[in-house]
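The values are calculated or read from the model by the stated rules, or taken from the named source; none is laboratory data. The structure displayed is predicted, hence computed values, not measured ones. A quick note on method: Cβ atoms are made from the backbone with ideal geometry, for glycine too, and the neighbour counts reach across all protein chains shown.
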Amino acid sequence: MLNVTDLRGHTPSKSDIRRALPRGGTDVWSVLPIVQPVVEDVQKRGAEAALDYGEKFDHIRPASVRVPAEVIAAAEKALDPLVRESIEESIARVRKVHADQKPQEHTTELSPGGTVTERFLPIDRVGLYVPGGNAVYPSSVIMNSVPAQEAGVNSLVVASPPQADYGGWPHPTILAACAILGVDEVWAVGGGQAVALLAYGDEAADLEPVDMITGPGNIFVTAAKRLVRGVVGTDAEAGPTEIAVLADASANAVNVAYDLISQAEHDVMAASVLITDSEQLAAQVNKEIEARYSITRNADRVAEALRGTQSGIVLVDDISVGIQVADQYAAEHLEIHTVNARQVAEQITNAGAIFVGDFSPVPLGDYSAGSNHVLPTSGSARFSAGLSTHTFLRPVNLIEYDEAALKDVSDVVINFANAEDLPAHGEAIRARFENLPTTNEA
């Protein structure tokens, strides 16, 4: 079912690996001409334009952009108790991890009387996008809201597409998750129009713009984020979800097969990749996938994703080469199913999140591991990180020198200023210690 790429018999270079690896991805540039007029129209007409596009694309027009408080309260009240219990437990685990991520203010003394203090200040207002589409994602509410709350963000708004089945409001489980988290501002708007409305707001409709937008979405959401970047901050561009499994002959083929199937369930463009030095395991996993994928409710979606060019099996000579391949693939999710799995995991440098051993599957991370599931895709884990408390914090330096400390370093600053042909910089220092003449003879 999975296509096989054979890298055995030679030591592949980074370039070889990058060219050979199965890779999907989306061409965001191709949809920019479609999304740009939407963004510009929402910038101009605000909520009315966003509602117009929601009616066009989602086939429903809610009574207002902002979801009424009583609708949110009703969704929370109607929530299945077992689902509520799961949401609350996942929130507690994610909160514990993200609370520990918050860095502490610290002061460095450069000389007596000369200090630099680094403070970490939260973004003031953040828009959190929660997609609709093929599934319902209360987990995305948790993964975006909790780190923002732990960072101390002052104001949060969740935007999620209106649903025709629910009177034009976002899915009730999304609304219930917001209520449990204490997020009382929810907008019934999705797609590129949601991103634009979050960026520009609408004063007449009492919709305040945000300073940063985070959260996954489809290619149109990603394109809109690209268009408003600079007006607001954004997180990394999210492509289709992906899993890579690095495994040796000791791996359980059934478990590996189910883990690859589980990510293929998200989207027909999802990527599932097995990297192994065991031809026997590769054959077993392929056999188990073929036998088991059809029992899932989303079998057609799974089959299309697993048969796509973005999915496959990569055969390598040994696990050391497998580590190199995994690093070049830089998966959003990387599972390690090998002997000494923790030791192998510690040799990986590029991955959004690394799941170690047979009992740490990716679905655990999707919901309740405590880690964040908003992670870099399409190889961007080589240079970017997933969502965390750090995402919502801005380090700011406080520079505080007294007279003696400035005098002590004044020659260094003046010499630099002269070297860069910026004499006024040096004069700004000298003026504190000398009576500078007011002519060009200075």
Residues of the range 381-418 being in contact with a strand residue (DSSP E or B) (Cβ under 8 Å, 6 or more places away or on another chain), within 30 Å of Ala244 (Cα to Cα) and among the hydrophobic types (A, V, I, L, M, F, W, C), which ones? Leu387, Phe392
Name the residue that is surrounded by the fewest Cβ atoms within 10 Å (Cβ to Cβ), counting only residues in the range 8-33 that are among the aliphatic types (A, V, I, L, M) and over 24 Å from the mean Cα position of the chain (by Cα). Ala20
Return the residues of the range 44-77 that are surrounded by 16 or more Cβ atoms within 10 Å (Cβ to Cβ) and out of contact with any Leu (no Cβ under 9 Å at 6 or more places or on another chain); say none if nothing qualifies. Leu51, Asp52, Tyr53, Gly54, Phe57, Asp58, Ile60
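Determine whether the range 135-147 contains at least one residue that is hydrophobic (A, V, I, L, M, F, W, C), assigned by TED's automatic domain parsing to the domain that holds Tyr200 and farther than 23 Å from Gly233 by Cα.
Checked the range 135-147: at least one residue is hydrophobic (A, V, I, L, M, F, W, C), assigned by TED's automatic domain parsing to the domain that holds Tyr200 and farther than 23 Å from Gly233 by Cα.
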Could you give every pair whose Cβ atoms fall below 8 Å, whose first residue belongs to the range 317-345 and is within 17 Å of Arg382 (Cβ to Cβ) and in the same structural domain as Ser360 (by TED's automatic domain parsing), and whose second residue is assigned to a helix (DSSP H, G or I) and among the polar types (S, T, N, Q), counting only separations of at least 6 or pairs across chains? Ala330/Ser380; His333/Gln263
Go through the range 231-257 and give me each residue that's over 19 Å from the mean Cα position of the chain (by Cα), in a loop (DSSP other than H, G, I, E, B) and of a type in the set (Gly, Ala, Ser). Ala249, Ser250, Ala251
State whether one or more residues within the range 356-367 are more than 29 Å from Asn255 (Cα to Cα), touching a residue at least 60 places away in the same chain (Cβ under 8 Å) and either loosely packed, with under 14 Cβ neighbours inside 10 Å or not aliphatic (A, V, I, L, M) (or both). no
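Would you say Ala223 is crowded, with 24+ Cβ neighbours inside 10 Å, more than 23 Å from Pro361 (Cα to Cα) and of a type in the set (A, V, I, L, M)?
yes
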Being among the hydroxyl-bearing types (Ser, Thr, Tyr), modelled with pLDDT of 95 or more, closer than 30 Å to Ala271 by Cβ and not in a loop (DSSP other than H, G, I, E, B) narrows it down to one residue among Ser90, Ser15, Ser30; which is it? Ser90
Subset of the range 109-130 that is β-branched (Val, Ile, Thr) and in a strand (DSSP E or B) - its residue that is surrounded by the most Cβ atoms within 10 Å (Cβ to Cβ): Val126
Of the residues Asp211, Asp165, only one is of a type in the set (D, E, K, R), assigned by TED's automatic domain parsing to the domain that holds Ala74 and modelled with pLDDT under 95; which? Asp165
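Scan the range 308-324 and tell me whether some residue there is closer than 12 Å to Met1 by Cα and at pLDDT below 95.
The answer is yes, given that some residue of the range 308-324 is closer than 12 Å to Met1 by Cα and at pLDDT below 95.
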